[in-house]
Amino acid sequence: MAERIDLLVKGGQVVTAAHRACPVRGRTMQNLPVLEGGWVACAGGKVVAVGPEEKVREQVEITAKTEVIDAAGKVVTPGLIDPHTHLIFGGSREDEFYLRAQGADYMEIMEAGGGILSSVRATRAASLEELVETGRQRLRWMLELGVTTVECKSGYGLDLETELKQLEAVRILQREQPVELVPTFLGAHAWPPEYAGDHEGFVEFLLDTVLPAVKEQGVAEYVDVFTEKGVFSVEQSRRILQKAQELGFKLRMHADEMHSLGGAELAAELNAASADHLLMVSGQGIRALLESDVVPILLPGTAFTLRKPYAPARKMLAAGLPLALATDFNPGSCPTANLLLVMSIACLYVAMTPEEVFNAVTINAAHSLGRSQRLGSLEPGKQADLVIFAVDDYKKIPYYIGVNLAETVIKAGQVVVGN
Ligand code: IZC
Ligand code: ZN
């Protein structure tokens with residue numbers, strides 16, 4: 001019996017991003033599965049058939065109740081996935097943005113008590129309702145660009161109460177709006193003022209008090225650490241991440257962003273889900289990643305904002321690594337929430353091809369979040385997260401830099417943007 005469908009998106013250039021194996025690695029990232037004039041049939045929030053018209057017609061039953069969207073002359077992609085953001089924060093840091101534009105350095109601003117610590121003060125001062133309200137607004141920006149899944153880190157509390165407040169804001173937002181959220185605890189993001197002379201004391205506080213409490217509350221899926229010179233050393237990061245792993249958390253890392261410290265090697269050693277940034281990754285780091293299942297996530301919007309050298313993407317791809325892309329949306333080093341802009345930056349400055357870029361923000365991003373069984377491509381059985389873009393070829397999406405071409409966004413079979 002053909003399955004009755006409730007939604008049909010017909011006739012578009014369908015970027016299925018459906019691969020035999022995932023994550024998609026190395027040279028295979030050049031291969032982006034695309035179906036011209038494809039039909040995508042959905043029922044109960046899932047994709048049930050994808051293919052040419054005749055094949056889909058054989059497999060499904062279209063009824064008077066089926067919502068039909070004509071995508072002829074348009075591009076249909078899986079819902080885009082942003083696997084690294086600092087979505088929830090109080091205040092903003094435009095003053096620093098202009099100071100940096102005049103030559104000030106990101107890490108120097110932080111060492112002088114600004115930077116992350118400025119957001120920590122504002123986030124501690126913000127009410128839960130304020131964090132929910134600003135988070136809601138930012139998720140709406142993202143959804144309108146076609147982003148249907150977003151990883152969200154804490155890390156602007158650096159105390160138990162505020163870290164939990166940030167994660168609670170994520171939990172509330174998950175209940176009330178359509179973007180799927182993946183919560184990550186990033187308590188090891190900076191040294192809080194209370195522990196200025198006692199960094200070991202803060203590490204112990206995280207290990208003994210905060211990590212177990214976050215586990216007990218069940219509000220985070222991942223634990224992340226900002227491993228960087230002047231922030232958390234490789235040794236401190238290892239202790240925090242090992243404890244997190246013992247408690248049952250999965251791991252992500254800010255690795256080798258400003259300095260080549262061995263963050264990639266640590267991510268490989270602990271088999272983290274992702275190692276992110278990697279601007280300064282060493283040859284040894286690349287080799288370590290190759291022997292692991294870690295997904296490297298590049299955040300070129302940050303190198304763009306800080307005017308730093310970009311991650312060596314071509315070298316990593318030539319070595320055979322998979323790559324994902326994310327915004328790193330945060331109030332300091334990357335105040336853009338626009339994943340489409342980051343895709344353009346990746347093409348222009350990281351020399352990724354449009355095919356690599358689409359694989360990076362769909363199937364590979366899903367894999368880095370442990371969701372590739374359900375998200376990241378348009379295949380029967382997967383969740384019906386789709387975007388319809390108002391252009392006739394996917395190559396035009398990164399090309400029209402900074403223009404939002406997303407016209408209709410569908411989350412789990414429901415139209416959530418457009419009509
Ligand atoms: O608020 O500056 N790099 N964490 C690590 C950030 C940037 C976020 C920020
Ligand atoms: Zn980050």
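Computed from phi, the 3J(HN,Hα) profile of the range 38-50 under the Karplus parametrisation 6.51, -1.76, 1.60 (θ = phi - 60°) reads x, 10, 10, 9, 10, 8, x, x, 10, 6, 10, 7, 9 Hz, with x in place of Gly and Pro.
Against the chain, whose longest principal axis is taken from its Cα atoms, helix 339-349 shows a tilt of about 80°. The alpha carbon centroids of the range 366-391 and the range 16-35 are separated by 13 Å. Computing FRET efficiency as 1/(1 + (r/R0)^6) for Arg307 and Ala412, where r is the C-beta to C-beta distance and R0 is 41 Å, gives about 0.55. Per the Kirkwood formula applied to alpha carbons, the range 276-419 shows a radius of gyration over Rh ratio, Rg over Rh, of 0.97. For the range 356-419, the square roots a ≥ b ≥ c of the C-alpha gyration tensor eigenvalues yield an a/c of 1.5 or more together with a/b not exceeding b/c, which makes the shape oblate. Rounded to the nearest angstrom and listed largest first, the equivalent-ellipsoid semi-axes of the chain from its Cα gyration tensor are 36, 22, 20.
Using C-alpha pairs under 8 Å with a sequence gap of at least 6, the mean separation divided by the residue count of the range 124-202 gives a relative contact order of 35 percent. With both residues required to sit in the chain, DSSP beta bridges show an antiparallel share near 40%. Expressed as a whole percent, the accessible surface of the range 1-96 that belongs to carbon and sulfur atoms is 46, based on a 1.4 Å probe. Does a label point 7 Å from the Cα of Thr209, set along Cα-to-beta-carbon, have any residues of the range 145-175 with amide nitrogen under 15 Å, and which are they? Of the residues in the range 145-175, 157-165 have backbone N under 15 Å from the label point off Thr209.
List the residues of the range 92-118 whose backbone N lies under 16 Å from a point placed 7 Å from the Cα of Ala125 along the Cα-to-Cβ direction. What the label zone holds, given the 16 Å backbone N cut-off, is 92-96, 113-118. When both the range 326-343 and the range 93-119 are represented by their alpha-carbon centers, they are found 17 Å apart. Taking amide H positions as modeled 1.01 Å from N, with prolines and chain starts lacking one, the residues under 5 Å from Val295 and 5 or more places away or on another chain are Ser274, Ala275.
FRET efficiency for the Asp393 to Glu133 pair, using the beta carbon distance and R₀ = 35 Å, is estimated at 0.35. Here the chain is assigned +1 on the Cβ of each Lys and Arg and -1 on the Cβ of each Asp and Glu. Its dipole about the Cα centre then comes out at about 960 debye.
Treating r as the C-beta distance of Phe97 and Tyr400 and R0 as 25 Å, the FRET efficiency rounds to 0.50. Compute the length gained on full extension between His259 and Asn271: take 0.36 nm times their separation in residues and subtract their Cα-Cα distance, giving the result in nm to one decimal. Between His259 and Asn271, full extension yields an extra 2.2 nm. Taken one residue at a time, the phi angles of the range 105-112 give Karplus couplings (6.51, -1.76, 1.60, θ = phi - 60°) of 9, 4, 5, 5, 4, 5, 5, 7 Hz. Gly and Pro are set to x.
The values are calculated or read from the model by the stated rules, or taken from the named source; none is laboratory data. Computed from a predicted model, the values in this text were never measured in an experiment. When we count neighbours, we look across all protein chains shown, and the Cβ atoms used for this are built from the backbone with ideal geometry, even at glycine. Please note that ligands, DNA and RNA were not included when accessible areas were found on the heavy atoms of the full protein model with its side chains. Shrake-Rupley method; radii C 1.70, N 1.55, O 1.52, S 1.80 Å.
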